[in-house]
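Okay, structure first, notes after.
The values are calculated or read from the model by the stated rules, or taken from the named source; none is laboratory data. This structure is a prediction, so every number in the text was calculated from the model and none was measured. Note that we place each Cβ from the backbone using ideal geometry, even for glycine, and neighbour counts take in every protein chain shown.
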Amino acid sequence: MQEKLKPFTLISPTNDLEIISKKILDSKSVEIIPLEKIVDSQILQNLKSESYNPYNEIYENFVAIFSAVDKKPEPKKEEVTFPYKINSKDIEEFSKNLKNEMQKINEKMYELKEKNELLEKHLDFFEKLKGLNFNLENLHQMNILKYKIGKISSAYYERLLESIKDMDILIVEITKEENFVWIFIVYESNVQVEKVLSLANFVEYSIPEGYQGTAEEILFQLQDKRKSLEYEINILNMSLRKLFYENRRSIYQYSDYVFVMKNIYDLVQNFKFTENFFIISGWTTKEFFSELYDYSNSNSYSLLLDYSFKEKAPTLLKNKGIFKRFEFIVKMFSVPSSDEIDPTPIVTVLFLLFFGMMFGDVGHGLVLSLFGFIINKIRKSDFFFILGSAGISSMIFGVLYGSIFGYENIINSLWKRPMDNIDYFLLTSIYFGISVVTLAMILNVINKLKNKQKIEVLFDPNGFSGLALYWIAIGTIFYYLKNGILSKVSLGFIVSLIFAIYIRGVVFEKGKLGERMVRSFFELFESLLGYLSNTLSFIRLGAFALNHAGLFLAFYMMSQMAKNPAASFIVLLIGNILIIALEGLIVFIQTLRLNYYEFFMKFFKGNGKEFKPITYKF
């Protein structure tokens, strides 16, 4: 069902700006309409607007304060009331000073963390050189000899040794990794080693400057330095938290206020101002309109108007329980217009009936239901809730059909088995189609009556004339099938109704007479064809019920051909998985199709705009 929304325009003193704005935000029941859409441009020239939000920067300060201690603001909006006792300038000064203090500590921490990262790289490097038992600073003092330290792929190492065996080069293996070998190379100054090493994909590393002693001695120094840096970082981190908790009560209290004020002044950007008053227009619920009405009555300077706007009201769907979840199906097609029936409750019932009839099986339905509801619990998804509900419908029809995982010899059917009653199920599907098409036409008549479209109510192909034509045609067909003759009276009514529907288009549509006549003819032809195709389309209800049973029968016969029980079980398992996954998907799509094309298209325009109330934003 839909909740009817009321248009409103509120004119109030600027002194009430914050109080009214907070009421609007707290209510979550107001969609703002820009005054440009409803007020004459000459009047707008005398009105001002506000685009600057003075609380943005202050709010960012508080976000930075929370972020410094790995927290997020959790504003308690209900604790903010007006008039507020503390001056906004004091809050701004407090947040700025505290943020700057924390920023200084953070900058020191950042420097120390950078040093620590470099230290970790040096530790990793000297760990590789532990096999060199000499003072590394002596390497910088060599004149006749040169050296290189680095790593080479294990695959190239042996080739390198082979290629330098006739050269004055010494290679010492330092350590091995999974795919690399670390080596220390010593050679005379006049020996050209670069080309050989380049061909071997040698990666050279330089010894960091400023370290003295053997690699092992340097490692001890670095480990102590790392420990010292970690303590310094922890001390600074504790200083941050100490600073936060020393000011915690003020931080939370002020951040609540700033959050509310930031949102208020975001909202205010939609207002227009005179020197002493502000103006706001929008759509709201009857309940909140009453609240605004009471407020304006208690304030002699406020004025609340409820005159209609030119634009159509947005749509607020107010379904509860399972119907709320099935709004997802309706909105996938389109949002209902505010002047038409919300089809959600009817779609809920039809969707479950269609799916259950086409996919009736206790076992398969149970699997779908468990899968849908479990995923819905994890992800809070309307789609998976609908899938779980469809599974329950499948289980109910499974009991009616007497089918469990395709087996029809475990329980007795409470209705009939599809494979044993093919003609019955196909005929029942057509009766079902006639009922649904009739319901769609009745809903179309109700929509036309709501919109006071008298001509369409009487002569629309889906109005009273179309409904009468549809049922007289059905009665004529059944009479002919039973008695073998066509009723002349019925044929007369049919021709008269067809002519009435045709004339409606010729007389009341716009355009040249010739164009209207041709267009009305093709529209009439399409409608007559639609009556037939829409009704026969419901044969798929019975056809898929038969298909479901037949598909399992095929897998069962394949399992009987298997050579051993294990293979037979695997065939049946795979068959059931395919039936649940593939046929389940196909039936879901066919269920949507029946709702959208055979049902919705006869009465549902779906050209609505969803109601989007303004709320608090982080």
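Mind listing whichever residues of the stretch 302-334 are out of contact with any helix residue (DSSP H, G or I) (no Cβ under 7 Å at 6 or more places or on another chain), surrounded by fewer than 18 Cβ atoms within 10 Å (Cβ to Cβ) and either without any contact (Cβ under 8 Å) to a residue 40 or more places away in the chain or of a type outside the set (D, E, K, R) (or both)?
Leu305, Tyr307, Ser308, Phe309, Lys320, Gly321, Lys324, Met332, Ser334
Sort through Ser413, Ser393, Ser403, Ser334 and tell me the only one that's at pLDDT below 95, over 22 Å from Tyr556 (Cα atoms) and not β-branched (Val, Ile, Thr).
Ser334
Could you check Glu92 against (1) free of Cβ contacts under 8 Å to residues at least 12 places away in the same chain; (2) among the charged types (D, E, K, R); (3) buried (at least 17 other Cβ atoms within 10 Å of the Cβ) and say which number it fails?
(1)
Would you pick out the residues in the stretch 1-43 that are in contact with a helix residue (DSSP H, G or I) (Cβ under 9 Å, 6 or more places away or on another chain), touching a residue at least 12 places away in the same chain (Cβ under 8 Å), loosely packed, with under 15 Cβ neighbours inside 10 Å and under 18 Å from Phe309 (Cα atoms)?
Within the stretch 1-43, just Lys4 meets the criteria.
Which one of the conditions (1) within 30 Å of Gly575 (Cβ to Cβ); (2) out of contact with any helix residue (DSSP H, G or I) (no Cβ under 7 Å at 6 or more places or on another chain) does Phe552 fail to meet, given that it meets all the rest?
Among (1) within 30 Å of Gly575 (Cβ to Cβ); (2) out of contact with any helix residue (DSSP H, G or I) (no Cβ under 7 Å at 6 or more places or on another chain), Phe552 violates only (2).
Of the residues Ile374, Ile404, which single one is touching a helix residue (DSSP H, G or I) at 6+ places or on another chain (Cβ under 7 Å) and farther than 30 Å from Glu509 by Cα?
Residue meeting the stated conditions: Ile404.
Restricting attention to the stretch 455-466, report how many residues are under 40 Å from the mean Cα position of the chain (by Cα), assigned to a helix (DSSP H, G or I) and buried (at least 20 other Cβ atoms within 10 Å of the Cβ).
Total meeting the criteria: 1.
Report, ordered by the first and then the second residue, all pairs with beta carbons closer than 9 Å, sequence separation of six or more or different chains, a first member in the stretch 54-82 that is closer than 19 Å to Val268 by Cβ, and a second member that is loosely packed, with under 12 Cβ neighbours inside 10 Å.
Here the result reads Pro75/Phe618, each pair linking the stretch 54-82 to a residue that is loosely packed, with under 12 Cβ neighbours inside 10 Å.
Return the residues of the stretch 362-392 that are closer than 18 Å to Glu408 by Cα and of a type outside the set (A, V, I, L, M); say none if nothing qualifies.
Answer for the stretch 362-392, where residues must be closer than 18 Å to Glu408 by Cα and of a type outside the set (A, V, I, L, M): Gly363, His364, Gly365.
For the condition of a type outside the set (Gly, Ala, Ser), surrounded by fewer than 19 Cβ atoms within 10 Å (Cβ to Cβ) and outside the structural domain of Val349 (by the TED database), what is the one hit in Tyr293, Tyr257?
Result: Tyr293 is the single residue among Tyr293, Tyr257 that is of a type outside the set (Gly, Ala, Ser), surrounded by fewer than 19 Cβ atoms within 10 Å (Cβ to Cβ) and outside the structural domain of Val349 (by the TED database).
Being of a type in the set (Ser, Thr, Tyr) and closer than 30 Å to Leu528 by Cα, is that true of even one residue in the stretch 387-394?
no
Determine whether Lys113 is within 18 Å of Asn263 (Cβ to Cβ) and of a type in the set (Lys, Arg).
No; evaluated as a whole, the condition is false for this residue.
So is Phe552 outside the structural domain of Ser27 (by the TED database) and assigned to a helix (DSSP H, G or I) or not?
So Phe552 passes the test.
Filter the stretch 405-448 for residues that are in contact with a Leu (Cβ under 8 Å, 6 or more places away or on another chain), surrounded by fewer than 18 Cβ atoms within 10 Å (Cβ to Cβ) and aromatic (Phe, Trp, Tyr) and give the result.
Within the stretch 405-448, just Trp415 meets the criteria.
Name the residue, out of Lys482, Lys452, that is exposed (fewer than 14 other Cβ atoms within 10 Å of the Cβ) and assigned to a loop (DSSP other than H, G, I, E, B).
Lys452
Please find, among Lys195, Lys227, the residue that is within 30 Å of Tyr156 (Cβ to Cβ), of a type in the set (Lys, Arg), assigned to a helix (DSSP H, G or I) and out of contact with any Ser or Thr (no Cβ under 7 Å at 6 or more places or on another chain).
Lys195
Return yes or no: is Asn106 among the polar types (S, T, N, Q), modelled with pLDDT under 90 and either surrounded by fewer than 11 Cβ atoms within 10 Å (Cβ to Cβ) or within 38 Å of the chain's Cα centre (by Cα) (or both)?
no
Kindly establish whether Thr214 is polar (S, T, N, Q) and in contact with a strand residue (DSSP E or B) (Cβ under 7 Å, 6 or more places away or on another chain).
Considered against the rule, which asks whether it is polar (S, T, N, Q) and in contact with a strand residue (DSSP E or B) (Cβ under 7 Å, 6 or more places away or on another chain), Thr214 comes out as no.
What are the residues in the stretch 124-162 that are within 30 Å of Lys227 (Cβ to Cβ), under 58 Å from the mean Cα position of the chain (by Cα) and buried (at least 16 other Cβ atoms within 10 Å of the Cβ), if any?
Once the filter is applied, which keeps residues that are within 30 Å of Lys227 (Cβ to Cβ), under 58 Å from the mean Cα position of the chain (by Cα) and buried (at least 16 other Cβ atoms within 10 Å of the Cβ), the stretch 124-162 yields Phe125, Phe126, Lys128, Leu129, Ile149, Gly150, Lys151.
Name the residues in the stretch 358-386 that are under 25 Å from Ile539 (Cβ atoms) and part of a helix (DSSP H, G or I), would you?
Of everything in the stretch 358-386, those that are under 25 Å from Ile539 (Cβ atoms) and part of a helix (DSSP H, G or I) turn out to be Met358, Val362, His364, Gly365, Leu368, Ile386.
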